[in-house]
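The values are calculated or read from the model by the stated rules, or taken from the named source; none is laboratory data. Because the structure is a prediction, the values reported are computed rather than measured. When we count neighbours, we look across all protein chains shown, and the Cβ atoms used for this are built from the backbone with ideal geometry, even at glycine. The protein model used for the area step is the full one, side chains on, heavy atoms only, and it has no ligands, DNA or RNA in it. Shrake-Rupley method; radii C 1.70, N 1.55, O 1.52, S 1.80 Å.
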Amino acid sequence: LLKVLEKGKATLRENEEVKGFIRQGDRILGVKTPSGEIEGDQVLLVGGAWTGGLLDILGIPLPMKPIRGQVVLFKAEPGLLRHVLFSSTAYLVPRLDGRIYVGSTQEEVGCDKSTTKEAIEKLTQGAYRALPILEKAEVEATWSGLRPKGVDELPSMGKIPGLENLWIASGHFTHGILLSAGTGHLMAQAV
């Protein structure tokens, strides 16, 4: 993504919170951030777990809940696991460098991104049951993220009714990373 942005006309502005919208009638002219306003002909809202709150600013209801997912990353030798492995308590995803990503919980706890000892232990034990040799591997990191879950667990994509140039692509829940390239392609076509 970064390489594509560098080649194009896009600018990546990380950790810049959208505080509001610049609206003129049925058009959104841009967004307001702590460092100033950013204008655009088309505005695509891809706010993840915060999408519903951003639309609330405009008075547009879109129920979307943040769902916390905790994960564990093991440092292992390359080739220890060659395929994604699913079990009843965890899924294991091998990386080329040998690390094994183990996920994930689904917890309705608001915007709390902390990890809990209980969830990490459950994932770790699930990984050991699925692949016992992992007990010899080091737990390198644990973290959590928030997934946007819509009422029907389906993504919300397309133009926002009543506004000429405001689009949405959010609510992919547990399939966000899987559907990101396809969603980007479809939204680029639509816009």
Quick one: which of Leu54, Leu96 is of a type outside the set (Phe, Trp, Tyr) and within 19 Å of the chain's Cα centre (by Cα)? Leu54
Does the range 30-48 include one or more residues that are part of a loop (DSSP other than H, G, I, E, B), surrounded by 13 or more Cβ atoms within 10 Å (Cβ to Cβ) and among the small types (Gly, Ala, Ser)? yes
Mind listing just one residue for me: the one in the range 76-93 that is more than 19 Å from the chain's Cα centre (by Cα) and in a strand (DSSP E or B) and, of those, nearest to Ala137 (Cα to Cα)? Leu85
Kindly indicate whether any position in the range 90-113 is among the small types (Gly, Ala, Ser) and in contact with a Leu (Cβ under 6 Å, 6 or more places away or on another chain). yes
Looking only at residues in the range 1-21 that are in contact with a strand residue (DSSP E or B) (Cβ under 9 Å, 6 or more places away or on another chain), farther than 17 Å from Gln42 by Cβ and of a type in the set (D, E, K, R), which one is surrounded by the most Cβ atoms within 10 Å (Cβ to Cβ)? Glu16
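Yes or no, residue by residue, for (1) in a strand (DSSP E or B); (2) open to solvent by 30 Å² or more (accessible area, probe 1.4 Å); (3) closer than 27 Å to Pro155 by Cβ; (4) not charged (D, E, K, R):
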{"position": "Gln70", "(1), (2), (3), (4)": "yes, no, yes, yes"}
{"position": "Phe74", "(1), (2), (3), (4)": "yes, no, no, yes"}
{"position": "Lys122", "(1), (2), (3), (4)": "no, yes, no, no"}
{"position": "Thr142", "(1), (2), (3), (4)": "yes, yes, no, yes"}
